[in-house]
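> This structure is in structure tokens; I'll ask about it shortly.
No lab work stands behind these numbers, since they all come straight from the coordinates. As the structure is a prediction and not an experimental result, all values here were calculated from the model. Reconstructed Cβ throughout: ideal geometry from the backbone, glycine too, with neighbour counts over all protein chains shown.
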Amino acid sequence: VTPYLNVRDLQGLASGDVVLEGNVLDIMSMDIYGDLAVQSLSVTDEDGKNLLKAESLMAKVEQMNINKELYLFETLTAKNYATRFIFNADGSTNFDTLFVSDPEVSTETQEKSLGEDMYSVTERVTVTTKEEVAPMQNMVLRIGELSLTGGYVEYADMTMHKPFNYNLSGVNISSRNFD
């Protein structure tokens with residue numbers, strides 16, 4: 001996923017019963033519907049810092065299309081989650097660089113014979129992106145039933161005259177018709 005998301009690491013055990021519609025060669029443009037679940041989710045940002053962790057994350061997806069920035073969920077549930085929200089002095093956040101726009105991915109493969117039926121194969125992957133429009137500017141996020149329990153949230157505001165960090169634990173959030 002690193003050609004599409006600026007993350008250092010993504011871990012977890014995912015399962016699902018989903019329908020994918022579209023071109024399998026352009027996964028980010030596919031429409032996704034169905035049930036998704038992730039156990040032991042861990043996403044770290046480019047600097048190796050926690051972006052999102054959850055013991056379990058479950059979603060009933062009405063429609064999701066990453067290129068269209070469309071995320072419609074019937075339900076979204078996370079248990080024992082942790083996240084960081086950092087508001088930088090320049091007005092940006094630690095989530096601003098998560099998505100890249102229009103990545104171009106190219107690969108170059110080299111094979112070298114090492115002898116009888118043995119080869120050394122190296123592959124170089126190059127990702128080029130253009131920053132034309134602010135990511136998530138046109139994002140649509142709707143959640144019918146939202147339930148986040150057992151959360152830990154680190155909030156830092158570096159825009160203030162005296163910057164501060166504030167940590168919250170035991171955060172439970174529930175919402176209906178989040179838009």
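> According to a simple spin-label model (label point 7 Å from Cα along Cα-to-Cβ), what is the distance in nm between SER42 and ASN88?
Going by the 7 Å Cα→Cβ label model, 2.5 nm.
> What's the extension gain from SER174 to TYR119 if we count 0.36 nm per residue and subtract their Cα-Cα distance?
14.3 nm
> LYS79: which lysines have alpha carbons under 22 Å from its alpha carbon, excluding same-chain residues fewer than 8 sequence positions away?
Here the lysines satisfying the reach criterion relative to LYS79 are LYS49, LYS53, LYS60.
> Count the net charge of all other residues whose Cβ sits under 12 Å from the Cβ of PHE87, scoring Lys and Arg as +1 and Asp and Glu as -1.
-3
> What distance in nm separates the simple spin-label points at GLU145 and MET160, each placed 7 Å from Cα in the Cβ direction?
Taking the simple label geometry, GLU145 and MET160 are separated by 3.7 nm.
> Can you tell me which of 108-119, 49-60, 148-159, 167-178 comes out highest on packing, and rank the rest after it, using the mean Cβ neighbours within 10 Å? Write down the numbers at each step before the final one.
On the way: 108-119: 8.2, 49-60: 18.2, 148-159: 15.7, 167-178: 10.7.
Averaged packing, sorted descending, gives the order 49-60, 148-159, 167-178, 108-119.
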